[in-house]
Amino acid sequence: MRAYSSHKDIIKLVNKVDSVGLVPTMGSLHEGHLSLIRKALMENEKVIVSIYVNPMQFDNSSDLKKYPRNIKNDLQKLESFSDIFVYTPNDNDIYKKKEKKKKYNFSQFTKIMEGAIRPGHFDGVATVVEKLLRMFNPCNAYFGEKDFQQLILIKTLVKELKLKVNIIGCKTIREDDGLAMSSRNKLLSIKERKIARNIIRLLKKAKQLYKNSTLKETKSEIFKDAKLIKNLNLEYFEILDLSMISDFLEEEEEIRAFIACKVGKIRLIDNIII
Ligand code: PAF
């Protein structure tokens with residue numbers, strides 16, 4: 001593992017390499033990120049891991065300020081990997097002075113849920129991901145399914161802009177009690193961490209209910225249940241038939257349940273196939 005803050009140094013090193021994988025991250029690396037990196041290493045000769053907390057995708061400055069950062073720890077976690085280059089840019093290596101995020105108008109699927117609640121978020125994600133893809137020209141790029149709308153956004157972006165890269169979605173990695181791994185989990189207090197277990201419980205409950213109930217009944221039962229959980233504020237709970245984006249689905253996974261909630265002040269999201 002070697003770390004570089006200028007993309008030009010990495011480009012020189014991967015110039016003659018047969019296959020390059022890219023794993024974009026915002027750092028505070030956990031087992032979920034490491035699983036993407038391991039998969040990328042199996043499928044590519046060299047792997048670039050970017051660590052950059054992208055200000056453009058935060059719709060709220062206190063969220064950006066609070067976002068966990070621990071570059072020293074991150075580099076330590078990556079130390080034992082060979083064949084990876086870690087890209088740790090500062091803002092100037094990514095954005096020109098006063099640069100604004102691009103406006104994309106891609107899939108309807110990114111206008112709902114996260115897209116509706118966090119205005120501008122997906123434009124910010126797409127802006128930085130497009131830059132990283134154009135910068136490094138990887139053969140494959142890896143993203144987790146926990147951010148399922150983001151994954152579909154990026155697949156759409158690549159298709160619309162005709163970029164030559166395979167976007168590979170990777171299964172959500174979970175803690176022993178089922179909580180989806182997320183850098184934001186580090187911000188939870190011990191009490192909040194216990195409350196957060198309810199997220200996967202609600203998703204699994206919806207999966208069970210939906211076998212014998214209508215969509216409306218299932219959603220209403222989940223809302224009722226969530227209301228009783230102290231310190232958990234449900235932002236949305238949706239069950240969606242994704243056949244409209246079937247181009248991008250890997251299995252016959254057409255129906256997914258999605259949840260976003262705040263546990264204390266920490267916002268968490270998750271989804272499962274139901
Ligand atoms: O999923 C993330 O960590 C970020 O949204 C990404 C894809 C690295 C872009 O900043």
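The values are calculated or read from the model by the stated rules, or taken from the named source; none is laboratory data. All of these numbers come straight from a predicted model, not from anything done at the bench. When we count neighbours, we look across all protein chains shown, and the Cβ atoms used for this are built from the backbone with ideal geometry, even at glycine. The area values use the complete protein model at the heavy-atom level, side chains included, leaving out ligands, DNA and RNA. Shrake-Rupley method; radii C 1.70, N 1.55, O 1.52, S 1.80 Å.
Below, the figures for the structure above:
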| quantity | calculated |
| --- | --- |
| Accessible-area ranking of 98, 77, largest first, probe 1.4 Å | 98, 77 |
| Among 137, 70, 185: highest mean-square fluctuation, GNM of the chain, C-alpha pairs under 10 Å | 70 |
| Electrostatic dipole magnitude of segment 29-152 [Cβ: Lys, Arg +1; Asp, Glu -1; Cα centre; debye, to 20] | 540 debye |
| Theoretical ellipticity at 222 nm over the chain - DSSP helices of four or more residues, -39500 (n - 2.57) apiece, nearest 500 | -11500 deg cm²/dmol |
| Residue-by-residue Karplus 3J(HN,Hα) for segment 154-165, coefficients 6.51, -1.76, 1.60, Hz, glycine and proline x | 6, 5, 5, 4, 5, 5, 5, 8, 6, 7, 9, 8 |
| Whole-angstrom Cα spans of the chain along principal axes, big to small | 57, 40, 38 |
| The chain - share of DSSP beta bridges that are antiparallel (%, nearest 5) | 45 percent |
| Residue 245/residue 177 FRET efficiency (R0 30 Å; Cβ-Cβ; nearest 0.05) | 0.50 |
| Computed magnitude of the charge dipole of the chain (debye, nearest 20; Cβ of K, R +1, Cβ of D, E -1) | 1040 debye |
| Two-site label geometry, residue 81 and residue 134: point separation in nm, points 7 Å out along Cα→Cβ | 2.6 nm |
| Probe 1.4 Å, accessible area per residue of the chain, Å² | 52 Å² |
| Pairs from 77/103; 12/96; 230/265; 16/39; 101/262; 98/186 whose Cα-Cα separation, in the structure shown, is over 24 Å | 77/103; 101/262; 98/186 |
| Total charge dipole magnitude, segment 158-273, about the Cα centre, Cβ charges on Lys, Arg, Asp, Glu only, Debye to nearest 20 | 760 debye |
| Centroid-to-centroid separation of segment 59-107 and segment 198-274 [C-alpha atoms, Å] | 29 Å |
| Dipole-positive endmost among 84, 179, 213 within the chain (Cβ charges, Cα centre) | 179 |
| Positive-end residue, the chain charge dipole about Cα centroid, Cβ charges, pick of 231, 47, 199 | 231 |
| Sequence-distant residues sharing a close amide H with residue 170 (under 5 Å, placed H) | 143, 144, 145 |
| With Cα atoms, 0 to 90° folded angle of helix 31-43 axis to the chain main axis | 50 degrees |
| Integer Hz, Karplus 6.51/-1.76/1.60 couplings in order for segment 100-105, x for Gly and Pro | 9, 5, 6, 9, 10, 9 |
| Folded to 0 to 90 degrees: helix 121-136 orientation relative to the chain principal axis, Cα | 30 degrees |
